[in-house]
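Okay, structure first, notes after.
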Amino acid sequence: MGNKGASLKGLLLVALLVSHMFLTKEGVTSLPICPSGSVNCQVSLGELFDRAVKLSHYIHFLSSEIFNEFDERYAQGRGFITKAVNGCHTSSLTTPEDKEQAQQIHVSPISNAFRNLVVGVLRSWNDPLGHLASEVQRIKEAPDTILWKAVEIEEQNKRLLEGMEKIVGRVHPGDIGNEIYSPWTGLPSLQLADEDSRLFAFYNLLHCLRRDSHKIDNYLKLLKCRLIHDSNC
């Protein structure tokens, strides 16, 4: 038990070190988008969105990396790519499918589209990301890189959600929309005894994570362009 605990601590330490190196390289600040407990965040709205865009891009980068690594290591030869991927748990939230659709809708920090796509989707991933970070450790011979990326994505998703809630609360106090989220019921699928079925559940979850992180990344970039540059970029 002691060796297992020490090993996990070692992995988390490596995760933190690699995370710090990447954040520094990519220019993503290690500080929150807006400090916790700050009633009046003394940062311009443009700067807040700039920080959010950098963080969302980092999350999408990690989401793509973990999906590709999982696909290469576990999905090859299992026919996952030929199966119809189950609907993502966030599908109930009305969101544009691509940048072109996003450009056609009204977006602002207090619009329903903004709250649904950014705040609602981020909040909907809190639970599955927490379980992903723990359940992935049970996968046979799971690489350390998959583990630390799962832990890092969970942490950064919380940071981005906290920052976006502060932005919404700052622009329109009291309009956080705590009821906006889509519940996730996929934990039993990640714990199935049948290995192929269990691995496909992870594959499907990581596919949805990559899809949603890409949506948020594109949407925040578009919103930043409209707010700061008054264009669709």
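The values are calculated or read from the model by the stated rules, or taken from the named source; none is laboratory data. All values reported here derive from a predicted model rather than from experimental measurement. Cβ placement follows ideal geometry from the backbone for every residue including glycine, while neighbour counts extend to all protein chains displayed. To get the accessible areas, we keep the full protein, side chains included, count just its heavy atoms, and leave off ligands, DNA and RNA. Shrake-Rupley method; radii C 1.70, N 1.55, O 1.52, S 1.80 Å.
Near Gln42: Cβ cut-off under 13 Å, other residues only, Lys/Arg at +1 and Asp/Glu at -1. The net charge is +1. In this structure Tyr203 has an accessible area near 10 Å², from a 1.4 Å probe over the protein heavy atoms. In this simple spin-label approximation, Thr145 and Asp196 carry label points 7 Å from Cα along the Cα→Cβ vector, and these lie 2.8 nm apart.
A 1.4 Å probe, protein heavy atoms only, puts the accessible area of Glu195 near 80 Å².
Work out the FRET efficiency for Cys225 and Asp127 from their Cβ-Cβ distance, taking R0 = 41 Å, and round it to the nearest 0.05. Efficiency, from the Cβ-Cβ distance: 0.85.
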